[in-house]
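Visitor: Please find one structure pasted underneath; my questions will follow.
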Amino acid sequence: MYQYDQYDQAMVDARVAEFRDQAQRRLEGKLSEDQFKPLRLMNGLYLQLHAYMLRVAIPYGTLNSTQMHVLADIADKYDRGYGHFTTRQNIQYNWIKLEDAGDILADLAKVEMHAIQTSGNCIRNISSDHFAGAAQDEVVDPRPYAELLRQWSSFHPEFMYLPRKFKIAVIASDTDRAAMRLHDIGIQIVERDGEIGASFYVGGGMGRTPMIAPNIRDFVPLDQLITYAEACLRVYNRYGRRDNKYKARIKILVHELGAEEYTRQVEEEFAHLLEQGIEPPIAELERIKPYFADPAFEDGPKTVDRSDPDFALWVDRNTHRHKHDSYVSAVISLKPVGGIPGDATAEQMHLMAELAKLYSFDECRVMHTQNVVLPHVKIADLHTLWTKLEAAGLGTPNLDQIGDIIACPGLDYCSLANARSIPLAQKISERFAANGKQDKLGELKLKISGCINACGHHHAGHIGILGVDKKGVENYQLSLGGSEAEDTSLGKITGRGFDEAGVIDAVDTVTDVYLAQREDGERFLDTYNRIGMAPFKEALYD
Amino acid sequence: MTDPQTDLGSSPDGVQFRFRDDETVDHASVTVDSFLEQSNSSAVRIEPGDDARELLPLLDRIALVEVNFPVFGDGRGYSAARILREAGYTGEIRAVGDVLVDQLNNMRRCGFDAFQPDTPMNEADAQAALETWPEVYQATTDGRTPIWDLRHGAGRNE
């Protein structure tokens, strides 16, 4: 994986010094909270309901065991012994003191990590396919391109005060595992006539107005990648709405101008910027690529001993096909029955780090589904790995099952939330484990957001739940039919909302409809797409 | 020796920092609309909603562009300044309004060379801010060689 050189390290060190100074000025009262807010936000520091929250960037979700150990140490030293992995492949700590923030950033900088631009109206951490470099279906590893974009977007002088936050995802396969088209810019690395290039999708997003990004350029040559991205951003910075923060994301601009007019303006700006010579030399991409070269894979057994049914179930559910047939990618579920989705204790993080070192070439990945994956595990090592995971409560075999719930922090932490997400996720996961239905349902992606900002990706859930405030009472709207995969679609609301107990029953009801109506091999989403909303509505409301 | 990147400039009234040696324009600036309607002024003031590109055909008449920041969080002025510099404008670009020390460095990178903040900055803080970043990733028109070029031995601006 990527390693900093002296320049990257100097940038991160400079940021630590700068933030220490800013925090000091705030503590001394030289900065008002209003003046400090945008500065701390660009360092990932939020003021939540009970304390500061620090969000640490994990570029394209990739980290090594040393870094994971430090994340665990931070949880122990500065928080309450745990951390929370997020839907943008980052980690956040919910109980941070402002006085400690500088020290935490310094600890992170020592292992080439930071919290730069993990919030604020700027270009956020670049996300990518969690199976990058391991997936059998990718054209190339997308991470060198993500790394180039990371450097370009770090402290970009023109784009630190955009109309709103800006999220970029990079993938390199037709199967979209990063919800690429639900990003402000989604980039798919593609091959055309033997040449690699970038296909740009702009203007996707979730939030209160979910939109699927249209393709605005199907092939940007690699020696113009940064210039094209810069053109996309400049047009947005110029015209993005600033009068209403709910209409300020680029999706609204692209929607209001129309994809064609937005594209025309980008192309005009692009032509101008090409003359400015802002593109990094192609040698830079060539310098980055070897950091992501394949590790030394070895041939070995290609099957497992399935005599232990629990192990066999975990293999079936939690491992993903690898490009080398003696390996798989193994997903560590952070969704134990009744647990808090995405939470891991310091001990669990230390263990995951150790296992990454022992069994996955010292590498692990954070998934946008709030799980962790060991990308390159020898099939021969799977049983030993699983045994160790089981012993630590990390062996839940529920990847993409109803218990593998994505949920935002909700009203338990977040000052924006209207309703709690975590207790609801816990209760649903308990219900479906206890009644045995999870095993019958197969792939079913359930996602919960505690407010309309949609951090829990409810629009993209096969079943989505949105918490709203109804006259001071928490209320939950149910939606069906969303997907973030290559068949990207947005869920539709079933009808009037439910209270907490009611929405759990409602999830039970819609899954009953599915079980009664499904045809051979159909997933919940397939049945919904075939029979439509009516049978579900009828069961829920009549 | 003075370092034009980081040494705080001397300044006329109201302008706290100025990084140029030429005479300052001694008359008030006019709006972009007035300027385009055949004003004699050589100073123009850009508001966040103005399109700096409208000035490009007339750059040889301009000695001062003030870019107003009514609120620091509105970043349109950064693009405006860069666009002017990219078109070869060499006159003064002055940031006016809610301009804080923490934006100073980015503004310098985008082509601003004078600063007239509503609330004067602490000079030591400003000096420190300008010296924060030893190197930079991106290429702009500010003459700094980006890290990408340092790595590959190609001094873009040399």
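We did not get these values from a lab; they are worked out from the coordinates using the rules stated. No experiment lies behind these values; they were computed from the predicted model shown. Note that we place each Cβ from the backbone using ideal geometry, even for glycine, and neighbour counts take in every protein chain shown.
Visitor: Using alpha-carbon positions, what is the distance between the centroids of the range A:222-265 and the range B:76-154, in Å?
Guide: 23
Visitor: Using the crude model of +1 on Lys and Arg Cβ and -1 on Asp and Glu Cβ, and no other charge, please compute the dipole size for the range A:132-268 relative to its Cα centre, in debye to 20. All intermediate terms of the calculation are to be shown ahead of the outcome.
Guide: On the way: 19 positive and 20 negative charges, 223 e Å.
Here the range A:132-268 has a charge dipole of around 1080 debye.
Visitor: Let me ask something else about it. Roughly speaking, what is the centre-to-centre gap between the range A:92-129 and the range A:199-220 when only Cα atoms are used, to the nearest Å?
Guide: 27
Visitor: State the extension gain, in nm to one decimal, for the chain segment bounded by A:ASP13 and A:ASP469, taking 0.36 nm per residue of separation less the distance between their alpha-carbons.
Guide: Stretched fully, the A:ASP13-A:ASP469 segment lengthens by 159.9 nm.
Visitor: Starting from the 7 Å offset along Cα-to-Cβ, what nm value, one decimal, do you get for the label separation of A:ASP294 and B:ARG53?
Guide: 4.6
Visitor: Let me ask something additional. What order do you get for A:CYS455, A:CYS408 when you list them from fewest to most C-beta neighbours inside 10 Å?
Guide: Details: A:CYS455 24, A:CYS408 29.
Listed from fewest to most nearby Cβ atoms, that is A:CYS455, A:CYS408.
Visitor: Between helix B:76-86 and chain B, what is the angle of the helix's C-alpha long axis to the longest principal axis, kept within 0 to 90° and rounded to the nearest 10?
Guide: In chain B, helix B:76-86 runs at an angle near 80 degrees to the longest axis.
Visitor: Using 0.36 nm per residue of separation minus the Cα-Cα distance, give me the extension gain between A:GLU275 and A:ILE196 in nm, one decimal. Each step should come with its number before you reach the end.
Guide: Details: separation 79, 0.36 × 79 = 28.44 nm, distance 2.25 nm.
The A:GLU275-A:ILE196 span can extend by a further 26.2 nm.
Visitor: Something else now. What Kirkwood Rh does the range A:116-260 have if only Cα atoms enter the pairwise 1/r average? Answer in Å. All intermediate terms of the calculation are to be shown ahead of the outcome.
Guide: Numbers: mean 1/r = 0.0657 Å⁻¹.
One decimal place: 15.2 Å for the Kirkwood radius.
Visitor: Let me ask another. How big is the shadow of the Cα convex hull of the range A:1-138, averaged over all directions, in nm²? Walk me through the intermediate numbers first.
Guide: Values: hull surface 35.9 nm².
Its Cα hull, projected and averaged over all orientations, spans 9.0 nm².
Visitor: Further question: Regarding chain A, what are the three Cα extents along the principal axes, ordered largest first, in Å?
Guide: Taking max minus min along each principal axis of the Cα atoms, chain A gives 62, 57, 57 Å.
Visitor: Which of the GluC sites (Glu not before Pro) across the range A:441-542 are loop residues per DSSP, with 11 or fewer other Cβ within 10 Å? Provide the component values of the computation, followed by the final result.
Guide: Working: sites: A:GLU443, A:GLU474, A:GLU484, A:GLU486, A:GLU500, A:GLU519, A:GLU522, A:GLU538; in loops: A:GLU443, A:GLU484, A:GLU486, A:GLU519, A:GLU522.
Here the sparse-neighbourhood loop sites are A:GLU519.
Visitor: Other chains' Cβ within 10 Å of A:149-160 residues: what's the mean?
Guide: Working: counts 0, 1, 5, 5, 2, 3, 8, 7, 18, 15, 5, 6.
That works out to 6 on average.
Visitor: Take the alpha-carbon positions of the range A:309-391, form their convex hull, and give its projected area averaged over all directions (one quarter of the hull surface) in nm². Spell out each step's value before the answer.
Guide: Working: hull surface 21.6 nm².
Approximately 5.4 nm², given one-decimal rounding.
Visitor: R0 = 41 Å: FRET efficiency of A:ALA485 with A:LEU98, Cβ-based, nearest 0.05?
Guide: Taking R0 as 41 Å, the efficiency between A:ALA485 and A:LEU98 is 0.55.
Visitor: Specify which residue in the list B:ALA129, A:MET68, A:LEU441 is farthest towards the positive end of the charge dipole of the protein assembly as shown, using unit charges on the beta carbon of Lys, Arg (+1) and Asp, Glu (-1), about the Cα centre.
Guide: Value: A:LEU441.
Visitor: Rg over Rh of chain B, using C-alpha atoms and the Kirkwood radius, what does it come to? It would help to have the intermediate numbers written out before the result.
Guide: Values: Rg = 15.6 Å, Rh = 16.2 Å.
Reported Rg/Rh (Cα atoms, Kirkwood Rh): 0.96.
Visitor: Another question, if that's okay. What FRET efficiency do you get for A:GLU286 and A:ASP508 if R0 is 56 Å and r is their Cβ-Cβ distance, rounded to the nearest 0.05? If you can, show how the numbers build up before the last one.
Guide: Numbers: r = 55 Å, r/R0 = 0.97.
Computed FRET efficiency for A:GLU286 and A:ASP508: 0.55.
Visitor: Follow-up question, since we're still on this one. Taking 0.36 nm per residue of separation and subtracting the Cα-Cα distance, what length does fully extending A:PHE219 through A:GLU268 add? Present the calculation step by step, with values, prior to reporting the outcome.
Guide: On the way: separation 49, 0.36 × 49 = 17.64 nm, distance 1.63 nm.
Using 0.36 nm per residue and subtracting the Cα-Cα distance, I get 16.0 nm.
Visitor: Next up: Please compute the modelled spin-label separation between A:ASP325 and A:LYS388, points set 7 Å along Cα→Cβ, answer in nm with one decimal.
Guide: 2.8
Visitor: Tell me the Rg and the Dmax, in Å, that the Cα atoms of the range A:406-541 produce.
Guide: 14.0, 45
Visitor: If you don't mind, another one. How about the range B:82-158: which trypsin sites (Lys or Arg not before Pro) there lie in a loop by DSSP and see at most 16 other Cβ atoms within 10 Å?
Guide: Numbers: sites: B:ARG82, B:ARG85, B:ARG94, B:ARG108, B:ARG109, B:ARG144, B:ARG151, B:ARG156; in loops: B:ARG144, B:ARG156.
The qualifying sites are B:ARG156.
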